[in-house]
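Worksheet for the structure shown next.
The values are calculated or read from the model by the stated rules, or taken from the named source; none is laboratory data. The model shown is predicted, which means the values in this text are computed figures rather than measured ones. Reconstructed Cβ throughout: ideal geometry from the backbone, glycine too, with neighbour counts over all protein chains shown. Surface accessibility is based on the protein's heavy atoms, side chains included, excluding ligands, DNA and RNA. Shrake-Rupley method; radii C 1.70, N 1.55, O 1.52, S 1.80 Å.
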Amino acid sequence: MSAPNHLDPRLLRAFVAVAEELHFTRAAARLYVAQQALSRDILRLERELGADLFVRSTRRVALSADGDRLLPYARRMLAAHDELLAAFGEARPLLVDLNSPGLATGRRVLHRARELAPECELMARFESGLTFAAGELLAGRLDASFGRFAGLDPALRAQLDQQPVRYEPMAIVLPEDHRLAALPEVPLAALAGETVYAGAGNPRTPEWTDLARRLFEGRGIGIASPAPLAVGDEEFQRLMARMRNPVLAVVDFPPMPRTVVRPLVDPVPLSPVSLVWRKGLTHPGLDALRRAAAQLTAEGGWLREPADGWIPAIDLGVISPHK
């Protein structure tokens, strides 16, 4: 590769998007640009560098040797560029994963952060599971997410930072004609003999399945076998209606047709929720998220554990509240 005197960060951002997606249409959608414009930017970068960065065919796109060599440098340059802009109040949009459109904790934090920092663009994403989101955080395709930090692999946790936000009371979603549906609250002991769906087999959410295993251990409650991965609310509802298993959830879980949501009690199981981001990230939007989370936590007593609450010991050790 030749050495140009200047490289437009926009061209490098286009290159990184294509390098990570290995698909021009998906990369263009990710950058909110037309595919033709993205292709022109890649060609311009190749001309300026004097190198072919991709091997293209009718079926696939792959990095060339020069493209593979450029990628780590491009990522570092863009990270430094973003940090510089953030320092002077001209940050790019902050991409915030809320896990699922119906869950309330992350959405409330995001809405408060937008009120605190209206000059920042905070954009919601929905990646369904902190384990999957963690990989996106480390790849730079997301900036922040919410979920059970202690449920992540220690190697992932070592590259991320977190702020405890809420001990979220858990619930059970039941078919409306289930034997327990008439109860206003469901004691955990009443679920003995039931098989409960808790995301087993979903590669995006093993932290949730692990929480369920810890909760159900010794209580005679089974975990439903892996089911086909349902993408989207409609497919999830269809699959759950066919399986008719109770579903482990949180109290804010949005109701599904022909089901009821009932809080779990005796004890009250709590799902620890943290705000999670990659180490070293600096962005005024992240600062606003952290302030918003701290405000809501204090206002709602979100980190107060009830006398009859249950939290796995491993979670208490990992997410002890800190400044």
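From the gyration tensor of the Cα coordinates in the range 1-79, what semi-axes in whole Å does the equivalent ellipsoid have, largest first, with each one equal to sqrt(5λ)?
Result for the range 1-79: semi-axes of 18, 14, 12 Å.
Could you give the nm distance between label points at Gln36 and Ala80, where each point is 7 Å from its Cα heading toward the beta carbon?
Result: 3.6 nm between the two label points.
Mind putting together the pair-distance distribution for the range 35-81? All Cα pairs, 10 Å bins, whole percent per bin, short to long.
Once binned at 10 Å, the Cα pair distances of the range 35-81 give 25, 53, 21, 1.
What value in Å³ per residue do you get for the convex hull of the alpha-carbon atoms in the range 7-132?
137 Å³
With labels modelled as points extended 7 Å from the Cα through the Cβ direction, what inter-label distance (nm, one decimal) is found for Arg60 paired with Ala189?
Label-label distance for Arg60 and Ala189, simple model: 5.9 nm.
Give the shape of the range 75-157 as rounded, prolate or oblate, defined through the alpha-carbon gyration tensor: a ≥ b ≥ c are the square roots of its eigenvalues, a/c under 1.5 means rounded, and otherwise the shape is prolate if a/b is larger than b/c and oblate if not.
Note, shape of the range 75-157 comes out oblate.
Which stretch or stretches of the range 265-286 have amide N atoms under 17 Å from the point lying 7 Å from Ala104's Cα along the Cα→Cβ direction?
It comes to 265, 269-274, nothing else.
Under 19 Å from a label point 7 Å along Cα→Cβ of Ala313: give me every residue in the range 210-228 with its amide N that close.
Hits in the range 210-228 for Ala313 at 19 Å: 210-219.
With a cap of 15 neighbouring Cβ atoms within 10 Å, and only residues DSSP puts in a loop, list the trypsin sites (Lys or Arg not before Pro) found in the range 19-112.
Arg59, Arg60
With every protein chain left in place, what is the accessible area per residue of the chain in square angstrom, probe 1.4 Å?
Result: 49 Å² per residue.
Percent of alpha carbon pairs in the chain separated by more than 32 Å?
It works out to 38 percent of all Cα pairs.
Once fully extended, how much extra length lies between Glu235 and Glu115, figured as 0.36 nm per residue of separation less the alpha-carbon to alpha-carbon distance?
Taking Glu235 through Glu115 to full extension adds about 39.8 nm, to one decimal.
Counting only protein heavy atoms and a 1.4 Å probe, tell me what percentage of the chain's accessible area is made up of carbon and sulfur.
53 percent
Please compute one quarter of the surface area of the Cα convex hull for the range 176-287 and express it in square nanometres.
8.9 nm²
Which parts of the range 149-192 would a label at Arg304 reach, counting a residue when its backbone N lies under 11 Å from a point 7 Å out along Cα-to-Cβ?
It comes to no residues whatsoever.
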